[in-house]
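Notes follow once the structure below has been shown.
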Amino acid sequence: MTRKKQGEILKPRGDDTRWRALLENVRMLIQQGRQRALRAVDTIEVGTCWEIGGILLNLSKGAQCTLNTAKAWCDTSPRL
């Protein structure tokens with residue numbers, strides 16, 4: 001058995017159709033994984049925004065400030 005040299009491309013032996021099908025399946029799995037990861041991050045981001053909104057709402061109720069005051073505070077606060 002010969003070893004592959006670094007950087008040498010693995011080439012199919014025999015049926016090229018099976019090789020292409022295998023590569024397509026791997027591509028699909030990678031794409032599905034990326035899509036699931038993006039959805040998970042989106043879900044977490046939306047949850048975080050809701051939590052921040054709740055904190056700001058409680059802050060505005062406790063300090064009895066108006067919506068304009070809360071907006072001004074958001075406009076002047078550093079970006080996260």
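All of the numbers you see were taken from the coordinates with simple rules; none came from a lab. All figures in this text were calculated on a predicted structure; none of them were measured in a lab. In this analysis, Cβ positions are derived from the backbone assuming ideal geometry, glycine residues included, and neighbour counts consider all displayed protein chains.
Structural remarks
- Per-residue Karplus couplings for the range 16-27, computed as 6.51 cos²θ - 1.76 cosθ + 1.60 with θ equal to phi - 60°, are listed in order as 5, 5, 5, 4, 5, 5, 4, 5, 5, 4, 5, 4 Hz, Gly and Pro entered as x.
- Exposure proxy ranking for 50, 19, based on other Cβ atoms within 10 angstrom of each Cβ and starting from the fewest, stands as 50, 19.
- Separation of the residue 32 and residue 17 label points, Cα + 7 Å toward Cβ, nm: 2.3
- Förster-model FRET efficiency, 25 Å R0, residue 44 and residue 24, C-beta, rounded to 0.05: 0.20
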